[in-house]
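Structure first, commentary second.
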Amino acid sequence: MLNIFCFGYGQVAKCFIKQLSKKNKINLSYTSRYAEKKKNSYKVFKLNEKNYDPKIVEQLYNSDFVLVSIPPINGEDIVIKHFSKNLKLLNVKWLTYLSATSVYGDHDGNWVNEKDLTKPTSKNGIDRLSAENSWISLSKDSNLPIQIFRLSGIYSKSNNILNRLKSGSARIINKKNHFFSRIHLEDIANILIKSMTNFQSGEVFNISDDRPASTEEITTYAAELLNIKVPEKIGLENLEDGMLKNFYKDSKKVNNDKMKKFFKYKLKFPSFVEGLKDIRDKNF
């Protein structure tokens, strides 16, 4: 029986548990911002920036694996805010903090690896880096076994460019030399599972596929898959969405060599080509 606690239960945690439960019996507890009705045999506990269910502490002490997927809220990591003293006393085998490649900031379209300078430009990236540093500091203070996964842009069967093209919400922003990296949700889940039996505390990993690309390249390919017209390009200055504007500030190609070598992992979807084709074939 695997005793697992998930701080947050979004798409990554759900896919991780779904994949893991195919071959393992799981005793799962997870947190939600709101009180949820019990939908299955898993235990759910309320946690938000203001308060939390005190029963969380007992569940933590009974867990062997802890996944933290809650992003910073108002600049704070709420898990460390509420539970830093309890975390120092844990006797877990594995704690994974899910960060983001936004911590690297802008590298003018060049490759970045885990040893490169982190110089975030967006509030999200700045907050993520601060949270990473808090977790690393906690690990050093308490010998808590922690690894950090820096996730590239996530896509899945429910969240992808094909759906945005079908709904008419897809856009191509006219910006030269803008590269970004992606990762399929299933590959994240598979690597998390691999790491449960191949773990080294204090390590940071880029979780990304093999082929960084521009939005134009990905959107054009997706439109060809669906046999529909490619959206017209629009200027960056015409964007109203602040988060989207921040996304286009940074251009980088995320290197995944360390991830593939350490976990001996062969990507199920090495690039958007295989990933989007699989989604098209199974869902459209």
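The values are calculated or read from the model by the stated rules, or taken from the named source; none is laboratory data. Every value quoted in this text rests on a predicted model; they were computed, and no experiment measured them. Glycine gets a Cβ as well: all are built from the backbone with ideal geometry, and neighbour counts include every protein chain shown. These area figures cover heavy atoms from the full protein model, side chains too; ligands, DNA and RNA do not enter into them. Shrake-Rupley method; radii C 1.70, N 1.55, O 1.52, S 1.80 Å.
So the values come out like this:
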{"item": "Of the criteria (1) within 21 Å of the chain's Cα centre (by Cα); (2) modelled with pLDDT of 95 or more; (3) surrounded by fewer than 20 Cβ atoms within 10 Å (Cβ to Cβ); (4) of a type outside the set (Val, Ile, Thr), which one Lys123 fails", "result": "(2)"}
{"item": "Filter result (assigned to a loop (DSSP other than H, G, I, E, B) and on the phi > 0 side of the Ramachandran plot) within the range 91-112", "result": "Asp108, Gly109"}
{"item": "Residue in the range 43-60 that is open to solvent by 40 Å² or more (accessible area, probe 1.4 Å), farther than 26 Å from Arg128 by Cβ, without any contact (Cβ under 8 Å) to a residue 24 or more places away in the chain and in contact with a helix residue (DSSP H, G or I) (Cβ under 8 Å, 6 or more places away or on another chain) present", "result": "yes"}
{"item": "Test: Ser63 is out of contact with any helix residue (DSSP H, G or I) (no Cβ under 6 Å at 6 or more places or on another chain), surrounded by 19 or more Cβ atoms within 10 Å (Cβ to Cβ), hydroxyl-bearing (Ser, Thr, Tyr) and more than 25 Å from Leu129 (Cβ to Cβ)", "result": "yes"}
{"item": "Checklist (1) within 24 Å of the chain's Cα centre (by Cα); (2) open to solvent by 20 Å² or more (accessible area, probe 1.4 Å); (3) without any contact (Cβ under 8 Å) to a residue 60 or more places away in the chain applied to Ala100, failing item", "result": "(2)"}
{"item": "Ile218 being farther than 15 Å from Phe263 by Cβ and in a strand (DSSP E or B)", "result": "no"}
{"item": "Of all residues in the range 263-284 being in a loop (DSSP other than H, G, I, E, B) and modelled with pLDDT of 95 or more, the one that is most open to solvent (accessible area, probe 1.4 Å)", "result": "Lys266"}
{"item": "Test: Asp209 is in a loop (DSSP other than H, G, I, E, B), modelled with pLDDT of 95 or more and buried (at least 22 other Cβ atoms within 10 Å of the Cβ)", "result": "yes"}
{"item": "Any hit, the range 155-166, residues being modelled with pLDDT of 95 or more, β-branched (Val, Ile, Thr) and under 12 Å from Asp250 (Cβ atoms)", "result": "no"}
{"item": "Answer from Ile146, Ile78, Ile70, Ile136 - the residue that is surrounded by fewer than 18 Cβ atoms within 10 Å (Cβ to Cβ) and either aliphatic (A, V, I, L, M) or touching a Lys or Arg at 6+ places or on another chain (Cβ under 7 Å) (or both)", "result": "Ile136"}
{"item": "Options Thr220, Thr215, Thr197; residue that is free of Cβ contacts under 8 Å to residues at least 60 places away in the same chain, of a type in the set (S, T, N, Q) and under 20 Å from Trp111 (Cβ atoms)", "result": "Thr215"}
{"item": "Boolean, Ser169 is modelled with pLDDT under 95 and open to solvent by 10 Å² or more (accessible area, probe 1.4 Å)", "result": "yes"}
{"item": "Lys37 vs. criteria open to solvent by 10 Å² or more (accessible area, probe 1.4 Å) and modelled with pLDDT under 95", "result": "yes"}
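The rows are residues; the columns are (1) open to solvent by 40 Å² or more (accessible area, probe 1.4 Å); (2) more than 22 Å from the chain's Cα centre (by Cα); (3) modelled with pLDDT under 95.
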position	(1), (2), (3)
Thr197	yes, no, no
Phe205	no, no, no
Glu224	yes, yes, no
Pro231	no, yes, yes
Asn238	yes, yes, yes
Met243	yes, no, yes
Asp250	no, no, yes
Asn256	no, no, no
